[in-house]
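Heads up: the structure comes next, in structure tokens.
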Amino acid sequence: MAEDDIKEKVLNDLRSLRGKLDPEILREVELRMNGQVPYDKESARKTVELFLHARHDQGAFAEKVLKALKVKDQEKDGK
């Protein structure tokens, strides 16, 4: 009977701790446990910035990308 009491106490403690965790952190942990890496907008932005900075075309490619993104956003918004 003592083992059941200990098990129930541990489960209650885990439920209590889980309730205190940030849901976004829990989602990220679950994704990582399943072998998936959550999308990190800041890291993606930094990677693109580094890529564009390394190009030697006086910003022409960056302008092309920004223009394409603007058009895509306008199409998505129905403008």
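The numbers here are math on the coordinates, done by the rules we state, and not lab data. Here the structure is a predicted model, which is why all the values come from computation and not from measurement. Virtual Cβ from ideal backbone geometry, glycine too; neighbours counted across all protein chains shown.
Tilt of helix 41-54 relative to the longest C-alpha principal axis of the chain, in degrees (0 to 90, nearest 10)?
Approximately 30 degrees, to the nearest ten.
What number comes out for the charge environment of Glu49, summing +1 per Lys or Arg and -1 per Asp or Glu over other residues with Cβ under 12 Å away? The partial results should precede the final answer.
Numbers: positive: Arg45, Lys46, Arg55; negative: Glu42.
Neighbourhood net charge equals +2.
Can you give the FRET efficiency to the nearest 0.05 for Leu17 and Asp73, using r as the Cβ-Cβ distance and R₀ = 30 Å?
After rounding to 0.05, the efficiency reads 0.15.
Three principal axis extents, largest first, for the C-alpha atoms of the chain, in Å?
74, 34, 20
Checking the table Lys9/Lys41; Lys46/Lys72; Lys41/Lys64; Lys20/Lys70 against a 30 Å threshold on Cα-Cα, which pairs fail? Before the final figure, lay out each step's value.
Working: Lys9/Lys41 39 Å; Lys46/Lys72 21 Å; Lys41/Lys64 21 Å; Lys20/Lys70 40 Å.
Beyond 30 Å: Lys9/Lys41; Lys20/Lys70.
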